[in-house]
Amino acid sequence: MEAQGDRITAFVEKPAAKEGRTFTQVLGNVDRAFEMTVLDTEWAFWQYFKKADCPSVPGKNASTQTIYNFIDNVTDWNFYTDQGVLPFAPYYYQASTQLGWPAPKFDYLRGLTRYSTSAFYALKLTVLCNRRSQMKRNT
């Protein structure tokens, strides 16, 4: 599993760098962005796709390219780049302080993830709150 993830991380990093996308301001690195995108895939699939789309989910022996393409179609690898998340900073701030947002549990992935999901959301909130403070100072 880890080797497959490392291969896909390389798939994510190359095009992002080519497009000038970065991973430093929100999640800190491509590895965290990779994991967050993978974790968001399940939620996004059931939010935007139908039961009839289940056969499109790659099997456990799928190629790296097939898995990459599936996740890109469902979640979009660019979303957790700084350029993908920061335009939504006002929404995320409001969602975290007033509206609420999904907090899926990933018990079945215990031992497979590298970062805690609560740390992701706390990190996002901290960055977005800092971003909001910067925006206020600049106006």
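Here are some notes:
- Residue match in region 65-75 (condition: in contact (Cβ under 8 Å) with a residue 12 or more places away in the chain, closer than 21 Å to ARG114 by Cβ and touching a Lys or Arg at 6+ places or on another chain (Cβ under 8 Å)): no
- Residue in region 27-43 that is in contact (Cβ under 8 Å) with a residue 24 or more places away in the chain and of a type in the set (S, T, N, Q) present: yes
- 3 or more residues modelled with pLDDT of 80 or more and within 18 Å of the chain's Cα centre (by Cα): qualifying helices (runs of 4 or more DSSP H) within region 28-139: 30-48, 64-74, 82-85
- Just one of (1) of a type in the set (Lys, Arg); (2) loosely packed, with under 13 Cβ neighbours inside 10 Å; (3) more than 17 Å from LEU112 (Cβ to Cβ) fails for ARG21. It is (2).
- Residue among PHE49, PHE45, PHE88 that is over 20 Å from TYR115 (Cα atoms), of a type in the set (Phe, Trp, Tyr) and surrounded by 18 or more Cβ atoms within 10 Å (Cβ to Cβ): PHE45
- Residue match in region 11-18 (condition: at pLDDT below 85, not basic (Lys, Arg) and not in a loop (DSSP other than H, G, I, E, B)): yes
The values are calculated or read from the model by the stated rules, or taken from the named source; none is laboratory data. The structure displayed is predicted, hence computed values, not measured ones. So basically every Cβ, Gly included, is an ideal-geometry build from the backbone, and we count neighbours across all protein chains shown.
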